[in-house]
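Have a look at the structure below before the remarks.
The values are calculated or read from the model by the stated rules, or taken from the named source; none is laboratory data. Just so it is clear, the model here is predicted, and its values are computed rather than measured. Here the Cβ positions follow ideal geometry from the backbone for every residue, glycine too, while neighbour counts run over all protein chains shown.
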Amino acid sequence: MILGIDTSCDDTGVGLVALPAGGRAEVRANRIWSQVVHARYGGVMPELASREHVERIDAVMQDALAEAGAGVGDIGAVAATAGPGLVGALLVGLMYGKGLAQGLGVPFYAAHHLEGHIFAAASEAELEAPYLALVVSGGHTHLFDVAAAGEYRLIGATRDDAAGEAFDKIARLAGLGYPGGPAISEAARRGDPKGVAFKEPMLGQAGYDFSFSGLKTAALLAHRAGASGEDLAASFQAVAVKHLLKVTRRAAADLGRRTVVVSGGVAANAALREAFGASGLQAVFPSQGLNTDNGAMIALAGAAAMRAGRPPSRLDAGAAAYVPLANVDG
């Protein structure tokens, strides 16, 4: 049984994954405490996030053990996010995980947050390279080519705002609430996806980058011109999904990839899932509950590291706000 911890931002996540010999890792528990204190600010306040992690992490771990029907003695390894993320928040989970592993005498793995998002999809299907991995969340919009297991080549990324960040900002602009992803998805059902004439970003580019800042500016102008919040939501969602899919399909065609893992908080968006499902690509999404930041995805990343024969991390491993996942040039 592998315990996974993620405190990279404003969710305290603890998950438990069973790793049977020769079988696919199975999620036994996934408990998340989502902090609500940040809603009044329209974004995450790092110091408040760190304090809430300290207050909640032990209770969240006990809830995860209860959900799995396990005790502390059943834990055979511990994985915790070391980066990227908010350093103060990361340190809470990282130090908690290292202390637990040391006390139990079990291996400890410092996990990469983005690799956790990618391996969240391992709950749904066995991930066999080669494939593309699109990570779309509040802090990340990255497209990786995974030619072999454990080899990540960054082929595209946002040039400005992350996709989820744009969802949050446009939702706040339109008065739809926070977090923006669910708010826009709900409002879009009542709006006209052609109600606001957004221009698709990065038209004519040769690479695989993304951009969302222009959509944010266009939304501001449309809002000032009197566009309804529902039409803004529907039109923005439509063009954002089209942009993400178009770039990913072009990369898949150029590189000869058929499978694409789509993960991160924005991967919970129903319109995005529907578009990728009808794209002709073999799109693999994490199960619901594993899209946003969570501990089970970190446990799944730890399971993959163990299966690949990676050595455990040193107990002096530190937290870092920015840690590139790419380990292959190109």
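Structural remarks
- Residue check, I170 touching a helix residue (DSSP H, G or I) at 6+ places or on another chain (Cβ under 7 Å), in a helix (DSSP H, G or I), surrounded by 17 or more Cβ atoms within 10 Å (Cβ to Cβ) and not assigned by TED's automatic domain parsing to the domain that holds L114: yes
A quick yes/no check of all residues on (1) aliphatic (A, V, I, L, M); (2) out of contact with any Lys or Arg (no Cβ under 6 Å at 6 or more places or on another chain); (3) under 29 Å from F167 (Cα atoms):
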position: L3; (1), (2), (3): yes, yes, no
position: D6; (1), (2), (3): no, yes, yes
position: V14; (1), (2), (3): yes, no, yes
position: L19; (1), (2), (3): yes, yes, no
position: G23; (1), (2), (3): no, yes, no
position: R28; (1), (2), (3): no, yes, no
position: Q35; (1), (2), (3): no, yes, yes
position: R40; (1), (2), (3): no, yes, yes
position: G43; (1), (2), (3): no, yes, yes
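- Flag if G139 is over 20 Å from K246 (Cα atoms) and assigned by TED's automatic domain parsing to the domain that holds I75: no
- The one condition from (1) under 20 Å from A317 (Cβ atoms); (2) in contact with a Cys (Cβ under 8 Å, 6 or more places away or on another chain); (3) not in a loop (DSSP other than H, G, I, E, B) that G85 does not meet is (3).
- Residue that is surrounded by the most Cβ atoms within 10 Å (Cβ to Cβ) [pool: residues in segment 16-51 that are in contact with a Leu (Cβ under 9 Å, 6 or more places away or on another chain) and closer than 19 Å to P84 by Cβ]: A49
- Taken together, T259, T248, T292 contain a single residue that is over 25 Å from S8 (Cβ atoms), surrounded by 13 or more Cβ atoms within 10 Å (Cβ to Cβ) and β-branched (V, I, T), which is T259.
- When segment 55-69 is filtered for residues that are surrounded by 16 or more Cβ atoms within 10 Å (Cβ to Cβ) and of a type in the set (A, V, I, L, M, F, W, C), the ones remaining, listed by number, are I57, V60, M61, A64, L65, A68.
- Annotation: E115 fulfils all but one of (1) assigned to a loop (DSSP other than H, G, I, E, B); (2) of a type outside the set (A, V, I, L, M); (3) under 25 Å from A240 (Cα atoms); the unmet one is (1).
- Cβ-Cβ contacts under 6 Å between residues 6 or more apart (or on different chains), taken from a first residue in segment 61-82 that is under 14 Å from T12 (Cα atoms) and assigned to a helix (DSSP H, G or I) to a second residue that is modelled with pLDDT of 95 or more and basic (K, R), are listed as D63/R31; A64/R31.
- Within segment 191-296, helices (runs of 4 or more DSSP H) holding 1 or more residues that are farther than 30 Å from H53 by Cα and under 19 Å from the mean Cα position of the chain (by Cα): 229-255, 270-277
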